[in-house]
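The values are calculated or read from the model by the stated rules, or taken from the named source; none is laboratory data. Values in this document were obtained by computation on a predicted structure and should not be read as measured data. FYI the Cβ positions are ideal-geometry reconstructions off the backbone, even for glycines, and counts take in every protein chain you see. Ligands, DNA and RNA are stripped out before the accessible areas are found, and what is left, the full protein with its side chains, is counted by its heavy atoms. Shrake-Rupley method; radii C 1.70, N 1.55, O 1.52, S 1.80 Å.
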Amino acid sequence: MNLSDTVNVDKALATLTLAFIADPFTRWAFPDAQSYITNYPNFIRYFGSPAFDNKLVLQDEGGGAVALWSPPNTIHDEEKLGELIVETMQEVKIQEIVSVGEQLSELKPKDPHWHLTFLGVDPAKQGSGLGGKILSKSMTQCGIDGTPAYLETANPSNLPFYERQGFRLIGEAQSGSSPIFYGMVRCDST
């Protein structure tokens, strides 16, 4: 497991698409299987672009696990995100999605921090310890030493996993019929 100058983006997108196939928020936003398979990789590309651009992607050799990190002070193009939401999501959910996004922005640490944008393990390999290994290794290789790390998860069963990795819950985001998103931070990255 190493960060490298060559990342197989297609393999990373495929692994993450599989990994989030049962994620409560993701599937609430994309309840139709065809829409999910077609559109969710575009969100991974959008939110993961800082990781892809800065070579902050860690994949295991078999492609079964992927971690994408956004470096401190990353700013996403909000207009592009708005267009992506309008083009791909059900109109009746757009306001709730925007509201959750605004709430998540408020949860993020105000000081410079790393953002674990995506961590995913192929469902066929989940439960093997691969997620913990890739998270630990990626935090070391990205040089996160001492800088806070932040993440969001909509899967409450992930909370104990991240807590074992040193993250703590700092808040929740939810709007209307949406599932809850949980914001977590790790300040001691050693």
- Debye sum, Cα scatterers, the range 112-180, no solvent: what log₁₀ I/I(0) at q = 0.26 1/Å? -1.37
- The equivalent-ellipsoid semi-axes of the range 33-188, taken as the square roots of five times the Cα gyration tensor eigenvalues and listed largest first in whole Å, are 24, 19, 16
- When the chain is fully extended, how far beyond the present Cα-Cα distance does Lys133 get from Gln103, taking 0.36 nm per residue of separation? 7.8 nm
- Message: So, R0 is 22 Å and r is the distance between the beta-carbons of Leu159 and Tyr46; what FRET efficiency does that work out to, to 0.05?
- Response: 0.30
- In Å², rounded to a whole number, the accessible area per residue of the chain with probe 1.4 Å is 49
- Considering only Cα-Cα distances, which of the following residue pairs are longer than 23 Å: Lys110/Lys137; Lys93/Lys125; Lys55/Lys137? Lys110/Lys137; Lys93/Lys125
- Work out which trypsin sites (Lys or Arg not before Pro) in the chain are exposed loop sites (DSSP not H, G, I, E or B, at most 16 other Cβ within 10 Å) and give the longest gap free of them. 111-190
- How far apart, in nm, are the 7 Å Cα→Cβ label points at Asp111 and Gln174? 3.0
- Message: Which residues among the range 102-139 fall inside the zone where the amide N is under 17 Å from a point 7 Å beyond the Cα of Asp53, along Cα→Cβ?
- Response: 113-118
- Message: Can you compute the modelled spin-label distance between Ser35 and Ala124, with each label point 7 Å from Cα toward Cβ, in nm?
- Response: 2.8
- Using θ = phi - 60° and the Karplus form 6.51 cos²θ - 1.76 cosθ + 1.60, what ³J(HN,Hα) does each residue of the range 148-164 get, whole Hz, x for Gly and Pro? x, 10, 10, 8, 10, 9, 9, 9, x, 6, 7, 4, x, 4, 5, 4, 5
